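Below: the structure, in structure tokens.
The values are calculated or read from the model by the stated rules, or taken from the named source; none is laboratory data. What you see is a predicted model, and the numbers here were worked out from it, not measured in a lab. Using ideal geometry, Cβ is built from the backbone for each residue, glycine included, and neighbour counts are taken over all protein chains shown. Calculation scope for accessible area: heavy atoms of the full protein, side chains included, ligands and nucleic acids excluded. Shrake-Rupley method; radii C 1.70, N 1.55, O 1.52, S 1.80 Å.
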Amino acid sequence: MNRLLFAVAALGIIAVGCKPPTDLNKSCTLVKRNPDGGTPLAILEGEVRNASGQNKDFIAVGSLDCEDLICVRDSLFTSDAGANEPALGYCSRQCVQGSTCPSFDEALDKGPKALSCRALVLSAETLAADGGLFAGIRDPFFCARGTGADAGM
């Protein structure tokens, strides 16, 4: 009985001391819906550059590179990829405003690549009026780099 109690206590201590696995802030490919309904297609760098303008954030739902299937690219993301290469971003997830977003690599949690929970898509009011039809997203907050938000503007 004492051995069992010791084993359970040891597992509890180990579990508390381990950082939960995450893929937040890992590189991923932005994707779009495949017209034939199959595997999502990569968005090309040229498409993002043509659509971006100034101060725009992008969110791609369905990225198989990410655990939560969400790949984002903030307005300050830079890339030297060619126009016909896949557009890259980083893995994200929905979050509650004010919560933390620790990266897969804690070295990224300080400086310009640190993630925070901020609005990336349409306002909460617009999403509520939409009835969750915008890829099932009901809340505008996602883990993303930077502090500004275009919130779909």
Restricting region 30-78 to residues that are polar (S, T, N, Q) and in contact with a strand residue (DSSP E or B) (Cβ under 6 Å, 6 or more places away or on another chain), the one surrounded by the fewest Cβ atoms within 10 Å (Cβ to Cβ) turns out to be 34
Quick one: residue 13 ticks every box in (1) at negative phi; (2) modelled with pLDDT of 50 or more except a single one, so which number is it?
(2)
Restricted to region 101-131 and to residues being at pLDDT 90 or above and of a type in the set (S, T, N, Q), the residue surrounded by the most Cβ atoms within 10 Å (Cβ to Cβ) is 103
Does residue 85 qualify as being in contact (Cβ under 8 Å) with a residue 24 or more places away in the chain, of a type in the set (Asp, Glu), over 24 Å from residue 140 (Cβ atoms) and open to solvent by 40 Å² or more (accessible area, probe 1.4 Å)?
yes
Test: residue in region 54-65 that is at positive phi and at pLDDT below 95
yes
